[in-house]
Amino acid sequence: MSDLYPLLMQPLFDPRPWGTLDLSPIYSQRFAEKIGDSCLTGDHCKIQNGPLAGQSLADVSSQYQRELVGDAPADGTRFPLLAKFLFPHEKLSVQVHPDDDDARAIGQPWGKTECWYVAHATPSAEIGLGLKRGTTRAQFEKAVHENRAEELLNWIKVAEGDLIYVAGGTVHTLGPGSVIVETQQQSDTTFRLYDYGRPRELHLQDGLRVIKEQAASGKVKPQAFSKAGRNGNRVLPLVESPYFAVERFALHGGHEFNLAANGKSSAQILVAIAGSAILQAAGHEPVKFDKGDAVVVPASIQQFTVVPDAEVQFLRSYVPAKPGPPPETSLD
């Protein structure tokens, strides 16, 4: 029997020039420098609880391999998904990530497809997603040199509850006014294309090479909440892609998870966006998690229960047992 247990992760706060000192409505503390994101399951993120406290997720993944990450991920030695909160107070740089094929061409194991769940948004919140129809790489490069690249992006209004799918190869950026929960392939490969004159390095040649003029990116068609057992508990499927599945749970009472019949196994990531709860798994110490926290449930734990203090809302993400096609999206 594995000695793994549910892992409460320590948020890793990352300073960014586009960030903010105030991370509400997720975190109550204020910071002395602008924070752009709170990384929850990155390679360098550390465990807070139990015998593995202080160890990085990368080290634990390398040690326990399939017992932690499961059979569904392609690589059994590295944690497959990165979850984080983003707090844009100014526009992020315009970026692009390679898809799997382009990443392997430069010696990386995989690309970076991601999704954004809008946990909070002001009426003016928007994102830039993809190039305007008919825009070529050459036209976009010319616009970068003329300091007007943002004019060639699709700018989309976003609201709380939206789920945005960002396929590898999609030019993208975030505007101010939202709090985002990002779920992505575990990759650091980012090419910065345009940064509004900020003195940071650009990667224009590499980025232009991997841009896809047509990609399966956009707002994911919304689903309806369904009941999840008793107590008025509800679950909302948000997205299922070849790389990850994400669901939103709203619990008023205990909810049991039994993953034994799912086929290939995967680690589960629970990210609290409101309220607090206790995660219980037989033979292990209970784990309390609050808004802004993430718990990683190892793939070796197939049954567990989440009991809210009063009410809790969280996102659950994992690697699907049978990867399907990209989701249905729109740019409305």
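Taken together, the values in this text are just the output of simple stated rules run on the coordinates, not laboratory data. Please read all numbers here as calculations on a predicted model, not as lab measurements. Every residue, glycine among them, receives a Cβ derived from its backbone with ideal geometry; neighbour counts consider all protein chains shown.
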Net charge near A149, counting Lys/Arg +1 and Asp/Glu -1 over other residues with Cβ under 10 Å of its Cβ? -3
State, as an integer percentage, the relative contact order of the stretch 63-174 based on alpha-carbon contacts under 8 Å between residues 6 or more apart. 33 percent
Taking amide H atoms as placed 1.01 Å from N in the peptide plane, list the residues 5 or more away in sequence, or in a different chain, whose amide H sits under 5 Å from that of E311. S276
If you bin every alpha carbon distance in the stretch 226-318 into 5 Å steps from zero, what whole percent lands in each bin? 3, 14, 25, 28, 21, 8, 1
Candidates L21, L86, L251; GNM for the chain (alpha-carbon contacts under 10 Å) flags as most fluctuating L21
Going out from 0 in 10 Å bins, what whole percent of all Cα-Cα distances in the stretch 1-139 drops into each bin? 10, 30, 32, 23, 5, 1
For the chain, with the dipole built from +1 on Lys and Arg beta-carbon atoms and -1 on Asp and Glu ones, taken about the Cα centre, which of H252, P51, P298 lies farthest toward the positive end? H252
Once K288 and Q29 are pulled to full extension, the length gained, defined as 0.36 nm per residue separation minus their Cα-Cα distance, is 91.3 nm
Pull up all non-local amide H partners of E126: gap of 5 or more, or a different chain, and H-to-H distance under 5 Å with H placed in the peptide plane. V158, G175
Nearest 500 deg cm²/dmol is fine: what mean residue ellipticity at 222 nm does the chain get from its DSSP H runs of n ≥ 4 alone, each adding -39,500 (n - 2.57), divided by its residue count? -2500 deg cm²/dmol
Using alpha-carbon pairs under 8 Å, 6+ residues apart, how would you state the relative contact order of the stretch 226-318 in percent? 36 percent
With an 8 Å Cα cut-off and a minimum separation of 6 or more residues, compute the relative contact order for the chain in percent. 20 percent
Under 15 Å from the D71 label point (7 Å along Cα→beta-carbon), backbone N, the stretch 257-278: 259-267
FRET efficiency (E256, S2; Cβ distance; R0 22 Å; to 0.05) is 0.60
Per 10 Å bin, what percent of the C-alpha pairs of the chain does each bin hold, from zero upward? 6, 26, 36, 24, 8, 1, 0
